[in-house]
Amino acid sequence: MALKGDLKDFSTTQLLNLINLARKTGTLIIESSDADEEGNREELAQMAFREGKLIHASMVEEDGHLANILHKAGKLTEAQAKLISEKAASMGDKELGLLLINAGYVTRDDILQSVKQHTLDVVYNLLTWNEGHFRFEDGMMPPDDRITVPIDLENVILEGTRRLRELEQLQEELPNLDFALKFPDRPGTSLRDINLSVDEWRVVSFINPKNSIRQIAKANNMSEMEIRRIVYGLLQAGLVELVRPPSMVQPLNGRRGPERPKIKKTVVTRLIDRIRSL
Amino acid sequence: MQTVKMVITGPFNSGKTEFIRSISEIDVVTTDREITTSAERNVKEATTVAMDFGRITVDDDLVLYLFGTPGQRRFDFMWEILSEGMLGFVVMVDSARPETFREAKSILETFRAYAPTPYVVAANKQDHPDAWSPEDLRIALRIEDDVKLLPCVAIDKESVKQVLLELLYSILEEME
Ligand SMILES: Nc1nc2c(ncn2[C@@H]2O[C@H](COP(=O)(O)OP(=O)(O)OP(=O)(O)O)[C@@H](O)[C@H]2O)c(=O)[nH]1
Ligand SMILES: [Mg+2]
């Protein structure tokens, strides 16, 4: 079964939401053809997930080896990184990591933090891409020697939507502010593990199927754009769901909905029997 | 004689005409026209402009009509008329074309606002190599868990039967 398309139609944030909710395992490959100052340039990024958690990310043209990642994080000097890259060119990251820890260059925590930060850097950069093709390879994992650190996607998605610049998209994704919000029924991530901003908390505190998004904005003195951005982030992170408030279920403005056809149950069962027999 | 109707809707090229054609006992009365704009021309040659019309006779005094809506937005003035008095509706989605998902969701919401009847979503073209799985489509389209999202191959009669039956089961359940 395929999962591929164009970022124009399905954004990276939406993909992360899907991978998170479906608890997918595999690798998301994104190819961008965004033009920069020098003209057209192809970029290729890969993000690996295990059961819906981000575990690794890399830009194909970038040096994603441990020595370089530790240098970027300020844990190794340039000279050290260069020397290690030369001497240990054929060594896998895991092996190299152990060697560096044993030699007292870095701690285990240094390595995990640096790899995590590197993964997040790649993903946050990816979230700004507006053009490109994506495909998800089920089950595909990074090479065995790579160090992987599991990262919850909810926080990544929230951070991504905070950086979102394309505001028109918000308008499309959340056209109707008369909807209300509720917490999902499925057992998911608890809000305690999520780093919410103050404004996000203010919105969360008003969540109730009876309060429309518009009312929540009003209570918090937020503009339409502010509330849209926050609700969009919470939705994409799978922390809330849209529901119709009671006022929307009945036809509004005293306008009566169209009559439901009055039919008997036997009519439906006869239809069922007939279609079964076709 | 009693007649009842169901509406088959969905974006341009999602397989509405094919769905009705697979199950109707009469040749589908379609109002397809050759496509004139070049963008859509790349996708297909004929599109439905007013509606498709199919029929399933149960017996001497009960007939089911299937109406297919035109997929292009510029014909959407037909939608509300077609939806009047419907027993339920099917939203067809071309599972292999994510560029149409947003439109599919918007059509779904539009029909839901016309009438509070039961409906199902058909993840069509599941035989296509690029088809998204129904589970992924559910998340992508944000379809609530209590709405049926069914795999479908509109060119296969058995598959079409299954979708219509599921819709009828939902209608029956709702009456209970
Ligand atoms: N492989 C495959 N092709 C399908 C399926 N359903 C429809 N098609 C093809 O997809 C194309 C579009 O189908 P139509 O039935 O004309 O779509 P429509 O929704 O009526 O299109 P409009 O009336 O133009 O909106 C046709 O070439 C169909 O043969 C399917 O389940 N599998
Ligand atoms: Mg048609």
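Structure notes:
- Directionally averaged projected area (region B:72-166, Cα convex hull): 6.2 nm².
- Membrane-span-like helices of chain B, defined as complete DSSP H segments with a Cα extent of 30 Å or more along the helix axis and a mean Kyte hydropathy of at least 0.0, are absent.
- For the protein assembly as shown, size of Cβ-based charge dipole, Lys and Arg +1, Asp and Glu -1, in debye: 1560 debye
- Debye equation applied to the C-alpha atoms of the protein assembly as shown, log10 I(q)/I(0) at 0.10 Å⁻¹: -0.83
- Full extension of the chain between A:E95 and A:W201 gives 33.9 nm of extra length, using 0.36 nm per residue less the Cα-Cα distance.
- Pairing chains B and A buries close to 3800 square angstrom of accessible surface in total, based on protein heavy atoms and a 1.4 angstrom probe.
- Cα long-axis angle, helix A:153-162 against chain A (0 to 90 degrees, to the nearest 10): 80 degrees
- Here the dipole of region B:2-175 is about 500 debye; that uses its Cα centre as origin and unit charges on the Cβ of Lys and Arg (positive) and Asp and Glu (negative).
- Separation of the A:E31 and A:N125 label points, Cα + 7 Å toward Cβ, nm: 1.9 nm
- As computed over region A:4-171, the Cα convex hull volume per residue (Å³): 130 Å³
- The simple Förster model, with R0 at 35 Å and r as the Cβ-Cβ distance, assigns A:K210 and A:R163 a FRET efficiency of 0.65.
- B:M78 versus A:E86: modelled label distance in nm, points set 7 Å from Cα along the beta carbon direction: 7.4 nm
- The value for region B:2-175 of Rg(Cα) / (2.2 N^0.38 Å) is 0.96.
- Rounded to 5, percent antiparallel among DSSP beta bridges of the protein assembly as shown: 65 percent
- Counting Cβ atoms of other protein chains within 10 Å of each Cβ in A:269-278 and taking the mean gives 6.
- Partner shielding of A:2-10 amounts to 5, given as the average count of beta-carbon atoms from other chains within 10 Å of each residue beta-carbon.
- Principal-axis tilt of helix A:78-87 within chain A, Cα atoms, nearest 10 degrees: 80 degrees
- Added length on full extension, which subtracts the Cα-Cα distance from 0.36 nm per residue, A:R192 to A:S223: 8.5 nm
- Take the Cβ atoms of A:D138 and B:T3, set R0 to 60 Å, and the FRET efficiency comes out at 0.80.
- By average C-beta atoms within 10 angstrom, highest first, the peptides B:93-104, B:54-65: B:93-104, B:54-65
- Summary of the geometry: region B:4-22 and region A:199-226, compared by the centres of their Cα atoms, lie 40 Å apart.
- Average beta-carbon neighbours from other chains, 10 Å sphere, peptide A:21-30: 1
- Rounded to 10°, Cα long-axis angle of helix A:224-236 versus longest principal axis of chain A: 70 degrees
The values are calculated or read from the model by the stated rules, or taken from the named source; none is laboratory data. No experiment lies behind these values; they were computed from the predicted model shown. Note that we place each Cβ from the backbone using ideal geometry, even for glycine, and neighbour counts take in every protein chain shown. In case anyone asks, the SASA skips ligands and DNA or RNA and just uses the protein heavy atoms, side chains included. Shrake-Rupley method; radii C 1.70, N 1.55, O 1.52, S 1.80 Å.
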